[in-house]
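The values are calculated or read from the model by the stated rules, or taken from the named source; none is laboratory data. If you're wondering where the values come from, they're calculated on a predicted model, not measured in any experiment. Glycine gets a Cβ as well: all are built from the backbone with ideal geometry, and neighbour counts include every protein chain shown. To get the accessible areas, we keep the full protein, side chains included, count just its heavy atoms, and leave off ligands, DNA and RNA. Shrake-Rupley method; radii C 1.70, N 1.55, O 1.52, S 1.80 Å.
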Amino acid sequence: MNFLRFNRLYVIESLELDEVKTGTELFQYLQPVIDESEFDLPMGLFNCDGVQGFRDAAGEILAYTLNGHLPWLHIDCHASSDDGLLFANGSELGWIDLCDLLRPINEACRFQLFVVVSTCYGAGLVSGIDTGKGAPCLGLIGPSHEVDPAELLGHFRDFYRTLFATTNITRSIESWKHRKLQQGSMVIVTAEDWWRDLISAYLTDHATPAGMEAIARRQRKVLLAEGISQSIGHLKRKYRSRLPAMIENRFNAYFMTTEVPENATLFAELRNKTISKMQYQLKLR
């Protein structure tokens with residue numbers, strides 16, 4: 001993430017009335033920290049009661065981004081590994097829906113969006129990612145398990161204080177070396193990490209002999225139901241010939257190379273490694 005850039009920090013908070021407003025506390029803590037640093041970083045705080053308020057906040061941030069803001073987004077609420085974000089009024093936003101909300105913002109800031117999900121199971125965001133669609137953000141930080149709000153507040157005070165002093169995300173993550181979550185760990189992943197993991201699983205299912213055999217059998221079953229008879233071998237060869245273009249299309253969609261043409265160069269090495277892996281697996285037929 002050497003090319004990570006941002007010039008705004010937005011905190012979106014949704015917590016019940018009797019809870020400590022950790023998002024607001026972090027926002028208030030960071031204001032003097034920014035003033036004392038050489039990092040000119042305007043901030044915005046959104047308090048929302050439910051999912052509609054969150055959608056409205058995301059819409060405002062998208063509008064700001066289209067006007068030239070490069071946002072860093074910090075989300076502070078509750079979440080579950082299966083259901084996604086949980087808001088103060090009991091409404092929910094699934095991980096897939098959250099990815100759909102983030103994707104236009106990531107595109108508008110030219111694939112520069114970094115997201116902190118300061119919630120229990122915040123790393124669950126990765127479960128909503130689809131390589132057939134644009135990546136929701138360039139990078140993500142979030143805990144893997146249930147956490148105490150005070151733990152998260154301490155972690156992110158250290159993290160942002162170091163980030164604003166050094167503008168170095170690696171050193172900011174190292175600020176946690178003396179901290180440890182009671183359960184799980186803090187997960188830091190990038191769009192490249194997601195691509196490697198997801199495309200590896202995709203190629204296992206689609207570019208191995210067993211994978212192509214299973215796909216061909218499913219296709220043959222569908223065709224037979226339509227009164228069309230084609231051999232398994234023919235369907236496997238047809239699918240194999242189409243697979244390189246399918247992988248290329250997924251890469252271009254995920255890294256938004258049409259919308260953000262510079263990504264074709266930034267992620268060229270990753271693309272080449274993906275193609276090489278696919279070609280190797282196809283040779284194992």
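Quick notes on this structure:
- Some residue of the range 237-250 being more than 32 Å from the chain's Cα centre (by Cα), more than 30 Å from LEU102 (Cα to Cα) and not aliphatic (A, V, I, L, M): yes
- Here the condition is being buried (at least 18 other Cβ atoms within 10 Å of the Cβ), over 14 Å from the mean Cα position of the chain (by Cα) and over 30 Å from LEU203 (Cα atoms); of HIS74, HIS69, it holds for HIS69 alone.
- Qualifying positions in the range 157-203 - under 21 Å from THR22 (Cβ atoms) and acidic (Asp, Glu): ASP158
- The residues on offer are LEU235, LEU243, LEU266, and the sole one that is modelled with pLDDT under 90 and more than 16 Å from SER200 (Cβ to Cβ) is LEU235.
- Among the residues of the range 218-235, the ones that are open to solvent by less than 60 Å² (accessible area, probe 1.4 Å) and either touching a residue at least 24 places away in the same chain (Cβ under 8 Å) or of a type in the set (A, V, I, L, M, F, W, C) (or both) come to 3 in all.
- Residue in the range 85-96 that is touching a residue at least 60 places away in the same chain (Cβ under 8 Å), closer than 23 Å to TYR160 by Cα and over 15 Å from the mean Cα position of the chain (by Cα) present: no
- Qualifying residue in the range 11-23 (condition: within 20 Å of GLU107 (Cβ to Cβ), part of a strand (DSSP E or B) and open to solvent by less than 50 Å² (accessible area, probe 1.4 Å)): yes
- Selection within the range 68-91: residues that are out of contact with any helix residue (DSSP H, G or I) (no Cβ under 6 Å at 6 or more places or on another chain) and of a type in the set (D, E, K, R). The member of this set that is farthest from MET43 (Cα to Cα) is ASP82.
- Residue check for ASN47: in contact with a helix residue (DSSP H, G or I) (Cβ under 9 Å, 6 or more places away or on another chain), on the phi < 0 side of the Ramachandran plot and surrounded by 13 or more Cβ atoms within 10 Å (Cβ to Cβ): yes
- Odd one out for GLU60, checked against (1) farther than 16 Å from CYS99 by Cα; (2) under 21 Å from the mean Cα position of the chain (by Cα); (3) surrounded by 15 or more Cβ atoms within 10 Å (Cβ to Cβ): (3)
- ARG161 vs. criteria open to solvent by 50 Å² or more (accessible area, probe 1.4 Å), within 21 Å of VAL33 (Cα to Cα) and either assigned to a helix (DSSP H, G or I) or modelled with pLDDT under 90 (or both): yes
- Tallying residues that are open to solvent by less than 20 Å² (accessible area, probe 1.4 Å) and hydroxyl-bearing (Ser, Thr, Tyr) within the range 164-174 yields 1.
- Filter result for GLN31 (in contact with a strand residue (DSSP E or B) (Cβ under 8 Å, 6 or more places away or on another chain) and open to solvent by 60 Å² or more (accessible area, probe 1.4 Å)): yes
- Being open to solvent by 70 Å² or more (accessible area, probe 1.4 Å), free of Cβ contacts under 8 Å to residues at least 40 places away in the same chain and part of a helix (DSSP H, G or I) holds for only one residue in LYS238, LYS177, and it is LYS238.
- Criterion (open to solvent by 20 Å² or more (accessible area, probe 1.4 Å), of a type outside the set (Ser, Thr, Tyr) and at pLDDT below 95) met by exactly one of ASP100, ASP83: ASP83
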